[in-house]
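Below is one structure, written out as structure tokens, with a few remarks after it.
Derivation of every value follows stated rules applied to the coordinates shown; laboratory data play no part. Predicted, not measured: the structure shown is a model, and the values here were computed from it. All Cβ positions, glycine included, derive from the backbone under ideal geometry; neighbour counts span all protein chains shown.
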Amino acid sequence: HDVYNTGRVGTVGVANVPDPTGPSPILSVFPQPFSAQTTIRYTLRPAPAASLRIYDPAGKLVRTLPVGAQEPETHSVVWDGTDDQGTRVGPGIYLCRFTAGTTTATRKLVKAE
């Protein structure tokens, strides 16, 4: 599912609106739920900039994962369940948002104890 911002701070809505010029949605997040780490796979098509960010349910940015300049193909990034300061986050539901160009895809991550 692609994601759009509803205009309310910290609120994310879900829609199924494919963008044929943008990246494919994140292909998989495995394992789910996870305790120590999870692998996020995404397909990158040519885009001016890409980012991969983890948010808590309130919409607060928890972690920015490195994407950098990459070839247009499928890539994997591991999230070790820590925030940007290296502190382990608590169990709960998190949102992984992948953005490239004008396309955004979001997946739910479930962190267990």
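Key figures for this structure:
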item: Interchain or long-range residues, amide H under 5 Å from Leu109's placed H; result: Tyr94, Leu95, Cys96
item: Cα-projected label distance for Val89 with Leu61, points at 7 Å along beta-carbon direction, nm; result: 1.3
item: Long-range amide H partners of Leu44 with built H, under 5 Å; result: Glu73, Thr74, His75
item: Nonlocal amide H pairs with Gly101, under 5 Å, H built at 1.01 Å; result: Ala49
item: Sorted peptide list for 77-88, 54-65, 99-110, criterion being average Cβ within 10 angstrom, highest first; result: 99-110, 54-65, 77-88
